[in-house]
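The values are calculated or read from the model by the stated rules, or taken from the named source; none is laboratory data. It should be emphasised that the depicted structure is a prediction, and the values quoted were computed from it without experimental measurement. No Cβ is skipped: glycine too gets one built from the backbone with ideal geometry, and neighbour counts run over all protein chains shown.
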Amino acid sequence: MTDWRLRESTQGKLALYKGHELVADQVMPVLAFPFSAPDESISIVDEYSKELAWLDRLDQLDADSQAVVKNYLAVREFRPTVLQITSVSTYSTPSIWTLETDKGPCKFELPTDESIRRLGGSRLVLTHANGMQFIIEDMFALDARSRQILARFMA
């Protein structure tokens with residue numbers, strides 16, 4: 001356990017404390033490895049991206065700080081999980097994809113073939129033209145039509 005603490009400030013920002021002393025009143029947790037180790041290697045940076053603290057693991061923080069960080073990251077690291085690829089506008093890029101996700105249906109633009117990345121094993125990340133990311137936890141668990149669409153773009 002560390003004596004770093006994070007609390008929500010009155011302005012809705014995150015504040016960093018060392019013990020009971022305020023270190024900075026506008027900080028952000030940043031994950032070093034958001035896909036492969038989302039509870040490890042967390043940098044706490046100020047509004048200018050200067051690192052103020054480093055956490056090897058989220059559980060080094062007290063329970064309240066852990067909850068604050070998890071809530072913050074749930075918004076910052078928002079990545080819907082793809083359940084099904086319903087359709088694509090064309091089999092070349094850019095193309096418009098229609099998806100069913102764990103957050104509901106959506107459409108997004110896949111700008112290039114390189115916007116589909118393997119994360120290891122059968123995990124993939126699809127990156128929208130605006131930078132938003134969608135996760136496929138196991139491409140082999142998708143239905144046959146979804147796998148067929150992916151295969152056309154990954155060949």
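Among residues of the stretch 89-107 that are more than 15 Å from Gln133 (Cα to Cα), those with a Cβ under 8 angstrom from a residue that is among the hydrophobic types (A, V, I, L, M, F, W, C) and in a loop (DSSP other than H, G, I, E, B), sequence gap 6+ or separate chain, pair up as Pro94/Ala129. The C-beta contact set for the stretch 140-155 (first residue under 14 Å from Leu83 (Cα atoms) and without any contact (Cβ under 8 Å) to a residue 40 or more places away in the chain, second residue among the charged types (D, E, K, R) and surrounded by 11 or more Cβ atoms within 10 Å (Cβ to Cβ), distance under 9 angstrom, 6+ apart or interchain) comprises Phe140/Arg147.
In this structure, Met139 does satisfy being farther than 13 Å from Trp97 by Cβ and touching a helix residue (DSSP H, G or I) at 6+ places or on another chain (Cβ under 7 Å).
Inspect all residues belonging to the stretch 50-66 and state whether any of them is of a type in the set (A, V, I, L, M), at pLDDT below 90 and surrounded by 12 or more Cβ atoms within 10 Å (Cβ to Cβ). Within the stretch 50-66, none of the residues are of a type in the set (A, V, I, L, M), at pLDDT below 90 and surrounded by 12 or more Cβ atoms within 10 Å (Cβ to Cβ). For Val69, the criteria (1) assigned by TED's automatic domain parsing to the domain that holds Ala15; (2) more than 18 Å from Phe33 (Cα to Cα); (3) in contact with a Pro (Cβ under 8 Å, 6 or more places away or on another chain); (4) of a type in the set (A, V, I, L, M, F, W, C) hold in every case but one, which is (2).
Within the stretch 14-43, the residues that satisfy the criterion of being closer than 30 Å to Gly121 by Cβ, touching a residue at least 12 places away in the same chain (Cβ under 8 Å) and hydrophobic (A, V, I, L, M, F, W, C) are Met28, Val30, Leu31, Phe35, Ile42. If you go through the stretch 17-46 and pick out every residue that is part of a strand (DSSP E or B) and within 22 Å of the chain's Cα centre (by Cα), you end up with 13.
The one condition from (1) under 27 Å from Asp138 (Cβ atoms); (2) touching a helix residue (DSSP H, G or I) at 6+ places or on another chain (Cβ under 9 Å); (3) not assigned by TED's automatic domain parsing to the domain that holds Ala141 that Arg57 does not meet is (2). Here the stretch 1-16 is the region considered, the condition is being out of contact with any Ser or Thr (no Cβ under 9 Å at 6 or more places or on another chain) and either buried (at least 16 other Cβ atoms within 10 Å of the Cβ) or part of a strand (DSSP E or B) (or both), and the residue that is modelled with the lowest pLDDT is Glu8.
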